[in-house]
Amino acid sequence: MGTTQRMGGLLAGLSMTLLAGSSDAAPAPGPAEGGTDVRFGGCGGVYFLAEPGEFWVEIEKADLNRSNQNTHLRAILFGPDRRVIDEQWLPDDGQGKGSGPGPVQRVRLAATVARPGIYGLNVTVTEDRYGTGIAWGFRTNCGRYLVETSRGHRDAPHEEPLVLLSPDAPGDVCFLPQPGEFAMEVTGLPQGVAAPAVFDAHGTEIAALAVDADGTASHTFSPRAEPDAIPWRLHLPAFQATVHIDGVTRWADAPDGFADLSLWTPRLESWFAFHENRWLLTPYSRIVYAEPGAEGAIEFRVHNNGTDAKRVGLSIEFPGDADWPVELSAREVALAPGQSEPVAVRYRVPEGEDARICHLRATPLDDSGVSTYSTLELRRGAAPASRPLAMPIVLEPYRHENEQFGYLPDYPVSPQPYFDLDNRPVMCANGVTALRDGAWQNTAVSALPDGTTGRFEPRVSKVAFDRTNGMCLIADQGGTNAYLYSQDGGRTFAAYPIPGGRSFDIEQFSGHNVPDGPPPFVRIIRTAKDPKLMWRSLCDLALFVPTRDEKGAIDLGEPILLSKKCLGISLHSGAPSSIVSRGPKVHVAWAEATEPDEKVPGVPTFVATYDRETGAVDAPALVGYGPPPNDVHNTPCITIDSKGFLHVLVGTHGRTFKYARSLEPNTAAGGWTEPEDMGPDLRQTYIGMVCDRDDTLHVVFRLWRADTGRFPASTHAVLAYMRKRPGEPWSEPRPLVLPAFSEYSVFYHRLTIDRAGRLFLSYDYWTTFWFYRTDHFGSRRALIMSPDGGDTWKLVESADFAD
């Protein structure tokens, strides 16, 4: 059943049992049952070490009704291979702000466990990504579990305080103490409460925390003397407080903790060794399409997340007795702390129409009792990824491009492709990776003018090419910013140090710009940061226009100061173009800061033209304003068409982009059209724009939507596309990718174009919810393309690069 169908059933008439009452009204747990018996705030979920048999978890929620938020709770039960087993919603109680805590609602999710493994429960709330408007808890018949309190992100260091909301009951917080010194604060304790105390796993009291008049208790713990006496247990006579623990709920000052793993449990006996076995085996599943008789291999990754060396046993299991030809590259791996090792599952597709499934099991060879598995499924035929897609791509929890379309790229996906003059793809992946002679080849070493060689890491994910097909990028080589240039297709690079700076952009191909000389770049140096306005900075923006001598050596030239009030640059999503050139003219677009008390309609956006021949810079032309003011998200984007006219989109943050075009070709000084909205009431951010052979502008961006057809309440973000053909208005926004969850999302998208005019869109879906993001190891990035100007889209295969 699809998400929309489930949601429709929920809102039309709830297909679950809703029980009103307090936590005291719930039946007492039986001998085989466990759970919280208490409630807490925040979002996140629970991980279970489940054994074969019937498994259930009952989740409950009470709305606190402190605001008019519609707090629909979404609960997703998933298996070790991240296949969704059950999904239910607990709706907002409808009582409204100020009505006090509402009735308790409960729903049960269940599964028949065929083989042991680590199962999970994912909990999110609409219009409440921090979980401040609800109290929730759970009960289960699984004896071993850990809660992960994980909210939506904040633009601040990651913290996940435990908000405990059952003042009428005592309770425990069992946690893994970090080995070194750490601090604990417990705030918001009820008046007259006895002192909380901390015990080790043997029941020995470590510390009693005295409570002051404000209801706060704190303690700093010395490095633990008995490393095996874990977990520790914080006992609260009344389970009402906010708990902060270094290495458990915050990590900025916790170098010894498991970063971002906000794991705890209210029951000591439910503890299991999850920290050290996080991401033990990934990917969690893989779906492969192939014809009978085909042979292949899928690589999985075995990981040791602990601080001690371990050995992990590996085996293959089949559902029932349906075995088929599968081989493992190793039956056991030895791993140092933090180490990962690949293991290959080799297969041969048997005859027959049915899908074939096997499970790769990983079991640490210790006394932890932990064991889990990933799933490999073979399906007959060609993968849907090889055909044009029915857009948009609708991401679902734990069902992304591989699970839905069989997407299995055999090329580097991260970050995005650029194309040289012969239309060969190149990416900034572990240095530079280029398709040469039918194979992807990597280069990660460059040479400085003094002969020093060393590995480099790209500082900007863009690759640029000049008219001689020279390749260049900006990278860090041994702590030095460097302009890297290659005259042999990326096989070798010469590195030229760039003085100063932390942020850069370089002129990449956006449809009609091929620099006459080595591609120009800009350097941004922050000179002031506004302590009151998060997104406001003052930066010096300087242009560099390198030249090449007869021997091929590069001279970066002197920096050409364009602005002392540049806001900065935002490239992580959209990767907008700051620079385009044609002949001797180089055009740069940027956004500026204004005084905080100055009344302006948004961020002023400027374009200036530099002449290589004269060395002169025209006075910057004000193109338009992008709301809101003083927001670095509002980075503009510039491109040039076949006739030399400049096209600029003025960046915004959750508002409508403004479009303007130069009145004269190849200059910013000849005037501009009046800036116009791309459409009515579009909540846009993060521009990616290119111009194709027909001078059609193509734009991809994040778009906020508030419709309830996908989620029962709340806004959500989609990755959307628009285009503007010459002489026509902008098209209506067309969603390309829909998110798996409501609330905040970003797609880290980058739109590029090849020399044949085909569009390539790289994206990596990122939800605000830490629980979902942390569960996935590595990137989710995918690459789609349109061969026909945005009419149709497909997931990219290696063969698409050869067209």
Quiz item: Using +1 on the beta carbon of Lys and Arg, -1 on that of Asp and Glu, and nothing else charged, what's the dipole of the stretch 219-265 about the Cα centre, debye to 20?
Solution: 180
Quiz item: Where does each of GLU592, GLU51, GLU728, GLU353 land when they are ordered by accessible area, with a 1.4 Å probe and the largest first?
Solution: GLU353, GLU51, GLU728, GLU592
Practice problem: Using the Karplus curve 6.51 cos²θ - 1.76 cosθ + 1.60 with θ = phi - 60°, work out ³J(HN,Hα) for each residue of the stretch 64-78 in order, rounded to whole Hz, and write x for Gly and Pro. | Solution: 7, 6, 8, 8, 8, 5, 8, 9, 7, 8, 10, 10, 10, 9, 10
Practice problem: Could you rank GLU351, GLU317 by how accessible they are, 1.4 Å probe, largest area first? | Solution: GLU351, GLU317
Quiz item: With contacts defined as alpha carbon pairs under 8 Å and 6 or more residues apart, what's the relative contact order of the chain in percent?
Solution: 9
Exercise. Run the dipole for the stretch 98-197 about the Cα centre, Lys and Arg Cβ at +1, Asp and Glu Cβ at -1, nothing else charged, and hand back the magnitude in debye, nearest 20.
Key: 620
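Defining a contact as two alpha carbons under 8 Å apart and six or more residues distant in sequence, what relative contact order in percent does the stretch 421-537 show?
Computed value for the stretch 421-537: 20 percent relative contact order.
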Quiz item: Given the rule -39500 (n - 2.57) for each run of at least 4 DSSP H residues, summed and divided by the residues of the chain, what is its mean residue ellipticity at 222 nm, to the nearest 500 deg cm²/dmol?
Solution: -500 deg cm²/dmol
Practice problem: Can you list which of the chymotrypsin sites (Phe, Trp or Tyr not before Pro) found in the stretch 541-618 are DSSP loop residues with at most 11 other C-beta atoms within 10 Å? | Solution: none
Quiz item: With r defined as the distance between the Cβ atoms of ASP555 and GLU295 and R0 fixed at 51 Å, what FRET efficiency is calculated, to the nearest 0.05?
Solution: 0.40
Quiz prompt | Descending Cα extents along the principal axes, the stretch 151-275, whole Å | solution = 39, 35, 26
Practice problem: Answer rounded, prolate or oblate for the stretch 527-682, using the Cα gyration tensor with square roots of eigenvalues a ≥ b ≥ c: rounded when a/c is under 1.5, else prolate when a/b is larger than b/c, else oblate. | Solution: oblate
Practice problem: Work from the charge dipole of the stretch 317-376 (Cβ charges, +1 for Lys and Arg, -1 for Asp and Glu, about the Cα centre) and give the residue of ALA330, LEU360, SER371 farthest towards its positive end. | Solution: ALA330
Practice problem: Just need the Rg to Rh number for the stretch 601-748, please, alpha carbons only, Kirkwood Rh. | Solution: 1.02
Quiz item: If you put +1 on each Lys and Arg Cβ and -1 on each Asp and Glu Cβ, how big is the dipole of the chain around its Cα centre, in Debye rounded to 20?
Solution: 1220
Quiz item: According to a simple spin-label model (label point 7 Å from Cα along Cα-to-Cβ), what is the distance in nm between GLN441 and SER386?
Solution: 2.9
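Quick one: work out Rg over Rh on the C-alpha atoms of the stretch 393-460, Rh as Kirkwood radius.
Ratio of gyration radius to Kirkwood radius: 1.13.
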Quiz item: Can you work out ³J(HN,Hα) from phi for every residue in the stretch 563-576, in order, using Karplus 6.51 cos²θ - 1.76 cosθ + 1.60 and θ = phi - 60°, giving whole Hz and x for Gly and Pro?
Solution: 7, 10, 10, 4, 6, x, 8, 10, 10, 5, 10, x, 6, x
Quiz item: In percent, what relative contact order does the stretch 296-354 have, based on Cα pairs under 8 Å that are 6 or more apart in sequence?
Solution: 49
Quiz item: Between ASP323 and GLU54, what length comes free when the chain is fully extended (0.36 nm per residue of separation minus the Cα-Cα distance, one decimal in nm)?
Solution: 94.4 nm
Quiz item: Counting Lys +1, Arg +1, Asp -1, Glu -1, what net charge surrounds MET471 among other residues with beta carbon under 9 Å of its beta carbon?
Solution: -3
Quiz item: When all protein chains stay in place, what accessible area (Å², nearest 10, 1.4 Å probe) is found for TYR496?
Solution: 40
Quiz item: Which loop trypsin sites (Lys or Arg not before Pro) in the stretch 292-366, with loop taken from DSSP, have no more than 15 other Cβ atoms within 10 angstrom of their Cβ?
Solution: ARG331
Self-check item: Solvent-accessible heavy-atom area per residue, rounded to whole Å², over the stretch 451-530 at 1.4 Å
Solution: 35
Quiz item: In what order, largest first, do HIS158, HIS587, HIS653 sit by accessible area if the probe radius is 1.4 Å?
Solution: HIS653, HIS158, HIS587
Quiz item: Between rounded, prolate and oblate, where does the stretch 231-383 land on the alpha carbon gyration tensor, with a ≥ b ≥ c its root eigenvalues, rounded for a/c under 1.5, else prolate if a/b exceeds b/c?
Solution: prolate
Quiz item: List the cysteines of the chain that have no other Cys Cβ closer than 4.7 Å: which are they?
Solution: CYS43, CYS142, CYS174, CYS358, CYS428, CYS472, CYS637, CYS691
Quiz prompt | Distance (nanometres) between label positions extended 7 Å along Cα→Cβ at LEU448 and ARG115 | solution = 5.3
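Return the carbon/sulfur percentage of the accessible area of the chain, one whole number, probe 1.4 Å, all protein chains in place.
Roughly 49 percent of what the probe reaches on the chain is carbon or sulfur.
Find the accessible area per residue for the stretch 239-380; the probe is 1.4 Å, ligands and nucleic acids are left out, and the unit is Å².
42
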Quiz item: Which lysines, on any chain, are close to LYS564 with Cα under 19 Å apart, when same-chain ones fewer than 8 places away are left out?
Solution: LYS529
Quiz item: Size of the stretch 422-468 along its principal axes in angstrom, Cα-based, largest extent first?
Solution: 33, 24, 21
Quiz item: For the stretch 704-803, rounded, prolate or oblate, judged on the Cα gyration tensor with a ≥ b ≥ c (square roots of eigenvalues), a/c < 1.5 rounded, else prolate if a/b > b/c?
Solution: oblate
Quiz item: In vacuo Debye scattering of the stretch 302-428, one point per C-alpha: log10 I(q)/I(0) at q = 0.23 Å⁻¹?
Solution: -1.31
Quiz item: Taking a probe of 1.4 angstrom, what is the accessible area of ARG467 in Å², to the nearest 10?
Solution: 130
Quiz item: Which of VAL104, HIS572, ALA668 sits closest to the plus end of the dipole of the chain, meaning its Cα is farthest towards the positive end, when Lys and Arg get +1 and Asp and Glu get -1 on the C-beta?
Solution: ALA668
Exercise. At 0.36 nm per residue, minus the direct Cα-Cα distance, what do ASP611 and GLU457 gain on full extension? Give it in nm, one decimal, please.
Key: 52.3 nm
Quiz item: Are any of the pairs LYS658/LYS724; LYS585/LYS724; LYS565/LYS599; LYS643/LYS724 more than 22 Å apart by Cα-Cα distance, and if so, which?
Solution: LYS585/LYS724
Quiz item: What list of ³J(HN,Hα) couplings, whole Hz, do you get for the stretch 524-541 from phi and the Karplus terms 6.51, -1.76, 1.60, once you set θ to phi - 60° and write x for glycine and proline?
Solution: 10, 10, 6, 10, 7, 10, 6, x, 9, 10, 4, 9, 9, 9, 10, 9, 8, 9
Quiz item: Any idea how far apart LEU663 and VAL84 come out in nm if each label point goes 7 Å out from Cα toward Cβ?
Solution: 5.4
Quiz item: Around ILE524, with a cut-off of 11 angstrom between Cβ atoms, what is the net charge of the other residues, counting Lys and Arg +1 and Asp and Glu -1?
Solution: +1
Quiz item: To the nearest 10 degrees, how steep is helix 3-12 against the longest Cα principal axis of the chain, on a 0 to 90 scale?
Solution: 60
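Keeping every protein chain present and rolling a 1.4 Å probe, give me the accessible area per residue for the stretch 139-191 in Å².
For the stretch 139-191, the solvent-accessible area averages 36 Å² per residue.
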Quiz item: By how many nm would the segment from ARG66 to ASP677 lengthen if fully extended, with 0.36 nm per residue of separation less the alpha-carbon distance?
Solution: 216.2 nm
Quiz item: Counting only residues 5 or more places away or on other chains, whose amide H sits under 5 Å from the amide H of VAL460 once H atoms are built in the peptide plane?
Solution: ILE474
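The values are calculated or read from the model by the stated rules, or taken from the named source; none is laboratory data. Please read these numbers as outputs of a predicted model, since none were measured by experiment. Methodologically, a virtual Cβ is constructed for each residue, glycine included, from the backbone with ideal geometry; neighbour enumeration extends over all protein chains shown. Accessible surface areas use protein heavy atoms only, side chains included; no ligands, DNA or RNA. Shrake-Rupley method; radii C 1.70, N 1.55, O 1.52, S 1.80 Å.
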